[in-house]
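One structure is given below, encoded as C-alpha cells.
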Amino acid sequence: MQDLTLDVFPGEVFGFLGPNGAGKSTTIRMMLGAIRPTSGRVQIFGDDAADVRRAHRHLAYVPADVALWPRLTGAEILELLARTGPGVDVAYRTELVGRFGLDLDRRAGTYSTGNRQKVALVAAFATRAPLLVLDEPTSGLDPLMEQVFRAAVVEARDRGQAVFLSSHLLGEVQAVCDRVAILREGRLAEVAQMAELRRLRRTEVVVSYVESPPDLAGVAGVQGAEDLGSGRLRFFLSGAPGPALRALGGFGVTGVEMREPSLEEIFLDYYGRGV
Amino acid sequence: MATATGATTREPGARVGSTSRAGRRARTGLAVRQIRRGALIVLVVTAGMPAVVAGQYRTTFAGVLDGPALHALATNPAIRTLFGPPSALDDAGGFTVWRTGTPLAVLVGVWAVVTTTRLLRGDEESGRWALLLAGPLRLSDLVARIIYVLAGAVVIVGAAVGAALIVAGTSPSGAVFFGAGLALVGVGFVALAALTAQLWDSRAAATSASAGILVATLLVRMVGDGVQGLSWLQWVTPFGLLAAVRPYAGDEVLPLLGLMVAPVVLGVAALVVAARRDVDHGLFGSRGRHGPRRWLLGSVVGFVVRRGVRSWVAWAAGVFAYFLLLGLLAGSVTAFLADNERFADLASAAGFDELGSVPGYAATMFALLGLPAGVFTAARIAEVVEDERTRRSVLLMATPVSRGHILRAHAGVALLGAVGLLAVAGLAMWTGARAVGAGLGVADAVGGAVATSPIVLLCLGTAVLATGWSPQVVLSVGSLPAVGGFLWQVIAQSTGAPGWVVEVSPFAHLAAVPAEGPDWASAAVMGSIAVVSCAIGTVGYVRRDLAH
C-alpha cells in the first residue's frame, strides 16, 4: 500500500473497489488495527487505529468471511458483541433479526455462510457507531436478503452513519453508494461521485454478420466501432439502445452479444490503464 | 442430518476405479505427512525410556532384590495400585516394563487419541475435507485410510520399543510381547478416538470423550490392582491387560488376544457409523436449539471464564479422582517403605526421596501435579491463537477491546484455573488420607499442592511468550516446562547425570512441601522468569500483525 488518503463523511455510503490483490482487505485490516502500516498512520475520527480501545468506539465491522464461536447461539453472540461493543439499539436489533429472518436459537456451528454473515450484519447495523466498515458483506446472501441489506445501509446513512463498503457487486454499489474509490496495485486510482460514474457507463456489444459489416456511423449512442475480423464487429453503446438496434436490423446480423462492464472496468477504461 | 432416504444422500461421490485408488493413495500420503513429526517424537521417547531404564537397572539394581523383598513388593496393594502388579523384577526387562509400562501406555494412548481426533474430526470440522470428498472418495474410505495410517504409526512405535529392549540386552520374547502389547493398546485408542470422532460433531467433544475413557480405564486399572477381589477388573482395561501379558515373566498370549478385541470392535463400529452418517455431522452433538444463556457474556473476562468452565471441570474431576486415590494409599505406601528399607533405598535412588513419611509421600506425589496444571495452562493460552487462526475472534477484536486485554484475560483466568486445580488436588489428597487415618493436615495438603505453582507460572510465561512471537507452537512451547521438565528430570536422574544437568529441569527446584518448607528463593526466581516472559510475550502480541 502506498500513499493512501481517504476521507469518508458522515451520512455517506462510500464504495471501495479494486481487483483481487489490489489491497482492499489490507486497507481495512489497517483501519481495524489488525496490521500496522510500515510508515504513516491510520486515524479513525482522530484516534490512532492501533489504539483499538479508542478507535473501535467509532466503528462496527463485518468481515467478508464470518467465523463465529460454534458452540454459542446467534443470540449469545449478539449479546457478547453488544456488551463489549460501542453500544447497541436493542429495539432496532430485534427488528433487523426479523427482517433478515435469522434464527437466533441455533448454535453458530450449524449456521450456513449466509446466516453467519447475517449475524455479523445485524450486530453491525444495530450499533450506533458513526462508521460501519463492511468488507464484501453480501457474498453469502440471497437476492431477497441483498434487498434487506441495501435497505439497512440506506437507513444507516439516513441516521448519519458513514458506511465504508468494499464490494465487487456493480448493482449493489450503484444502488447504495454515493461516492466510489478504486484501488489498483496498492494505490488509490481515483475517487468519484456515483452520478459521474453512471454517465460513464457503456455497454459492450459484439454483433456477428454474414456479408458486409454493419455501418453504424452517425447512429446515436454508438462509439468505438471496430471490426474484430471473422464476421464480428464490436462497439460501445451508451444511452438508449433503440437507434443502434434499428440500424442493425438493416444488415444481415446473425447474433448480438451484450456485456455489462464491471465498475472497475468502467473506471479503468475512463481513467486509463496506466494509472 | 438429511432426512432423505436411500444411498444417494449418504455418501458423496461415485467411485471410479483407478482414480479412486490414486485418491486413496494421495490421502494416505497426506495423513502420513500430518502425523510424522508427532509420531517421531513419541517413538523416540517410548523407545528411549525403556532402553535407558533397562541399562540403568543393570548398573544399579541387579542383584539387590531378593525373594522376600519381591514378595513384599508384589503383595503390597499400594505399590500394585501405583505401578501395577510387579512381576520378574529380578530381570532387567521385567523391571523396566513394571517401571515404564503404564506411563508409556498412557503416552501412546494420549497421542493416539489427540492425533486421531485431529485428523478424523478436526479436519472435517474446519472444512478441509470438503475438497477431498468432492473427488471420488467416500467418507468411510477416507476414515478407514486414516485409521490404517494411525494404527500403522502406533505399530511402528511398538516395534521400536521392542527393538530398543532387545538392543538393551533383555530377552527377545519378552521384548516382543511388551512391544506388541503396547502397540495393541495404542491401536485400541486409535479405534476408540476414531469412533468418538464419528459420534460427535466437534473435535473437542470427541477428544474429551476419548480422553475421559482413557483416564477412567486407568483409574479402574488402579482400583483393580489395589483392591483384593476386584482383580478381575484388569481384564476390562487396556492397561490391566497390558500388565497381564507379564512380559519377561509369563509372556501370556491370552491378554494379547484380549487387547485385540477393542481395536476390532471399535474400529468396525467407527467405519459403520462413518458409512451411515452425513458429512459434517455426528450421531450426537450440538445440533439442538435452545434459548439464549447469557451468563458471563457481559465482559471479555467473563466470556473467557465461560469458555473454560467445561474443560476445567473435566480436568478437575480427573485430578480429584487421581489424588483421592493417592491419598487413600498414603498410609499403606509409607508403612510398606518403613518396613522394607531396601525399597526405600531404591525409591530414593529413583528420585523418590522421603516416601517413607506421609508428608514426604504427599510432596513426592504433588510434584506430578505440575504436569496436568501446566498443560492445562498452556492449553488455555493456546486458545487465543486458535481463535485468531480460525478467525473466530475477528468480530470481538473489532469491538473496543484491546489485544492486551484479551491476552491478560486468558492469562489471568488460566492461572486462576490452574491454581484451582492444585487446590482440588490438595483437597483430594487430604480427603483420601483422612479416610484411611494417615496424618496429613488440610493446610499441609493444599500447601504442598500449591507449592508446585512455579511450574504453572513457567508454563504460563512460555505460552504467552510464544503467543507473541511464535504463535504456531503455543501449546508445545507452553507445555515444555511441565512435560519437558518432568521427562528431563526423570531421564537425568535415571542415568545418574551430573547435578547441573538435573537442575536444568524446573522440577529440581521445587521444595518437597509439606515434608519441608517452601523454597521461596527458587519460587521467586521462577516467578520472575514467568513475569518477564509474559511481559515480552504481551508486547509481541500487541505489536505483531494478526493472522487474519
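A few notes on this one:
- Label sites at B:A547 and A:D178, each approximated as a point 7 angstrom past Cα along Cα to Cβ, lie 4.0 nm apart.
- Exposure rule at most 14 other beta-carbon atoms within 10 Å, DSSP loop trypsin sites (Lys or Arg not before Pro): chain B longest free segment: B:295-548
- For A:Y61, the residues 5 or more places off, or on other chains, whose built amide H falls under 5 Å of its own are A:V133.
- log₁₀ of I(q)/I(0) at q = 0.15, 0.17, 0.19 Å⁻¹ - the stretch A:1-133, Debye sum with one point per alpha carbon: -0.80, -0.99, -1.16
- Taken one residue at a time, the phi angles of the stretch A:172-187 give Karplus couplings (6.51, -1.76, 1.60, θ = phi - 60°) of 5, 5, 5, 6, 10, 7, 8, 10, 9, 10, 10, 10, 9, 6, x, 10 Hz. Gly and Pro are set to x.
- Sequentially through the stretch B:241-256, phi angles give Karplus couplings (6.51, -1.76, 1.60; θ = phi - 60°) of 4, 4, 5, 5, 4, 6, x, 6, 10, x, 6, 6, 8, 4, x, 4 Hz, Gly and Pro residues having no value and appearing as x.
- Positive dipole terminus of chain B, leading residue within B:A511, B:L43, B:L271 (C-beta point charges): B:L271
- Against chain A, whose longest principal axis comes from its Cα atoms, helix A:143-158 is set at around 70 degrees.
- Only beta bridges with both residues in the protein assembly as shown are counted; by DSSP, about 60 percent of them are antiparallel.
- Rounded to the nearest whole Hz, the Karplus-based 3J(HN,Hα) values (6.51 cos²θ - 1.76 cosθ + 1.60, θ = phi - 60°) of the stretch A:75-89 follow the sequence 4, 5, 5, 4, 4, 4, 5, 5, 6, 8, x, x, x, 9, 8, with x at glycine and proline.
- Annotation for the stretch A:155-190: GluC sites (Glu not before Pro) lying in DSSP loop with at most 16 further Cβ atoms inside 10 Å of their Cβ are A:E185.
- Unit charges at the beta carbon, dipole of the stretch A:201-271: most positive-side option, A:G231, A:V256, A:G242: A:G242
- The antiparallel fraction among DSSP beta bridges confined to the stretch A:34-180 stands at about 30%.
- With R₀ fixed at 41 Å, the C-beta to C-beta distance from A:D7 to A:T113 puts the FRET efficiency at about 0.80.
- Over chain B: helical MRE at 222 nm, DSSP H runs n ≥ 4 each giving -39500 (n - 2.57), nearest 500: -24000 deg cm²/dmol
- Most positive-pole-ward Cα, B:A160, B:G240, B:A197, against dipole of the stretch B:24-281 from beta carbon charges: B:A197
- Principal axis dimensions, the protein assembly as shown - Cα atoms, whole angstrom, descending: 117, 62, 48
- Of all DSSP beta bridges in chain A, antiparallel share, percent nearest 5: 60
- Nonlocal amide H pairs with A:G18, under 5 Å, H built at 1.01 Å: A:L183
- Low-density loop positions, trypsin sites (Lys or Arg not before Pro), the stretch A:1-60 - DSSP coil, at most 11 other Cβ in 10 Å: A:R41
- Rounded to the nearest 20 debye, dipole of chain B from Cβ charges on Lys, Arg, Asp, Glu: 2660
- Per-residue [θ]222 nm for chain A (sum of -39500 (n - 2.57) over DSSP H runs n ≥ 4, rounded to 500): -10000 deg cm²/dmol
- In chain A, the longest principal axis of the Cα atoms and the axis of helix A:90-100 are about 40 degrees apart.
Read the figures in this text as sums done on the coordinates, not as results from a lab. Here the structure is a predicted model, which means the values were calculated and not measured. Cβ coordinates were reconstructed from backbone atoms using ideal geometry, including for glycine residues, and neighbour counts include every protein chain displayed.
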